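Some notes on the structure that comes next.
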Amino acid sequence: MTLHLGIFLALVCAFASNVAFFFKHRGACEACKVDIKHPIRSAISLWSSKWFAIGMGLGAAAWIIHVAAISLAPLSTVQAVLSGGVALLAVMADKMFGLKTTRRQWWGLSMTALGLVLLVITMPGTDGAHSAFSEPALIAFELGLFGVGALLIMGPSLGRGPSEHHGIMLAAAAGILFGVCNIGVKALSGMVGAEGIVGLVSPWLLLAAAGSAAAFYASARSLQDGDAVPVIAITGTAANISCIAGGIIVFGDPLPGTTVGIVIQATAFLLVIVASALTPAPVRAVEAQAARA
């Protein structure tokens with residue numbers, strides 16, 4: 001029963017998160033450019049936008065639902081269900097927010113959704129929330145994610161590619177850092193379940209807060225530098241893949257027990273990787289758009 005409730009909450013969270021991201025995109029485009037050298041000024045400018053504030057409020061509600069979901073079900077299962085929200089992006093962008101989605105992006109989103117659905121159906125059945133973890137594994141995995149996120153954040157300042165690619169790199173960084181936060185929260189949920197409120201007095205709370213703060217700025221800047229649909233898709237996919245991997249490596253979520261299941265999961269990850277390359281607009285299209293502007 002708790003597993004089914006966790007999956008239902010994950011579906012609600014997926015829809016609410018997408019809507020929140022579209023509102024934040026509209027608001028971020030009205031604000032001044034995010035500059036990590038001036039974090040307070042950047043935050044004030046973002047929060048001064050009505051649409052960004054609404055998006056953040058809705059996003060906070062979605063995050064609370066997400067915390068409830070991962071407290072009731074295994075992390076990898078919740079994130080796999082959340083990943084299905086990628087399939088809603090193109091429809092929501094067109095019908096609810098009037099944003100144009102190219103055929104290339106439709107293909108990318110469809111491949112992402114298919115890959116993530118394959119991950120869902122090959123996840124073995126399990127009971128309980130799977131909140132127990134190995135501290136060395138958690139430390140190593142979280143530090144690894146932080147390192148990859150930092151490299152992606154520094155990428156735009158080191159390269160001279162089109163701003164569209166800058167937005168995608170920052171979106172991937174934001175997704176990975178959201179993964180840092182979610183994995184830390186999952187660890188805290190297990191500690192609170194075992195020790196009560198005292199479980200919150202933990203370094204994992206600081207780790208989750210640091211990941212969330214870094215993701216906030218990276219995500220806001222990615223929404224300013226890139227198109228809404230690919231940026232939101234990459235952010236969500238990076239967060240989900242990070243958490244699915246964390247669920248397996250850190251919390252011991254089960255893998256498929258058959259060769260067929262393992263092959264299907266490998267194919268699913270390959271689909272997601274190819275889709276991530278397809279979803280952003282090609283360089284020629286970006287350059288043409290910039291020339292017209």
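Only the coordinates and a few stated rules stand behind these numbers; no lab work does. Bear in mind the structure is a predicted one, so any value in this text is a computation, not a measurement. All Cβ positions, glycine included, derive from the backbone under ideal geometry; neighbour counts span all protein chains shown.
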(Q) For the pair V274/I197, report the inter-label distance in nm, with labels modelled 7 Å from Cα in the Cβ direction. (A) 5.3 nm
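Could you give the length gained by full extension between L151 and A209, i.e. 0.36 nm per residue of separation minus their alpha carbon distance, to one decimal place?
Using 0.36 nm per residue and subtracting the Cα-Cα distance, I get 18.9 nm.
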Q: Along each of the three principal axes of the Cα atoms of the range 19-90, give the extent in whole Å, ordering the values from largest to smallest.
A: 39, 26, 19
Q: Under a cut-off of 26 Å between alpha-carbon atoms, report the lysines in cross-link reach of K50, not counting same-chain residues fewer than 8 places apart.
A: K24, K33, K37, K95, K100
Q. Using 1/(1 + (r/R0)^6) with R0 = 45 angstrom and r between the beta carbons of S48 and S110, what's the FRET efficiency to the nearest 0.05?
A. 0.75
Q) Based on the Cβ-Cβ distance of I262 and A137, what FRET efficiency does E = 1/(1 + (r/R0)^6) give at R0 = 25 Å, to the nearest 0.05? A) 0.75
